[in-house]
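See below for the structure under consideration.
The values are calculated or read from the model by the stated rules, or taken from the named source; none is laboratory data. In this text, all values refer to a predicted model and were calculated from it rather than measured experimentally. Positions of Cβ are generated from backbone atoms using ideal geometry, with glycine treated the same way; all protein chains shown enter the neighbour counts.
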Amino acid sequence: MADAAPPAAAGTLAGGRVVWGLKAFGYTALYVSILVGLGLYQVWHRHELHRLGVQLSTETLQYRAAYEENRKLRLELASVKHADRVREEAERKLHMRVPAPQDIIEIR
């Protein structure tokens, strides 16, 4: 009995090589798949954040431009509504004038 080889350890062959079973390969493949999936999610998430940041910047610029235009239009509206300005525009562009007393005709 002295010539008998010692019993082989679990997962090894008699020659000392390690034998990986299908179960270990499946776990390794699952682990790698999860890591790849998490990596892809991270890349997608970063891309989405960047895209939303660019969109927010664009929308902010449009908002500022619209706000500035609105401010200018309000200022123009205030100046157009002023009575002296209306009279001046009527005289200059439409060639209107305030009628003289002899130009007024009363209708009965």
### Query
Only one residue in Glu68, Glu59, Glu89, Glu48 is surrounded by 10 or more Cβ atoms within 10 Å (Cβ to Cβ) and modelled with pLDDT under 90. Which one?
Glu89
### Query
How many of the residues making up region 65-81 are under 19 Å from Lys93 (Cα atoms) and part of a helix (DSSP H, G or I)?
4
### Query
Among all residue pairs at least 6 apart or on different chains, which show Cβ distances below 8 Å where the first residue, located in region 74-90, is aliphatic (A, V, I, L, M) and the second is surrounded by 11 or more Cβ atoms within 10 Å (Cβ to Cβ) and not in a helix (DSSP H, G or I)?
Ala90/Met96
### Query
Is there a residue in region 26-40 that is surrounded by 10 or more Cβ atoms within 10 Å (Cβ to Cβ), part of a loop (DSSP other than H, G, I, E, B), modelled with pLDDT under 95 and not acidic (Asp, Glu)?
no
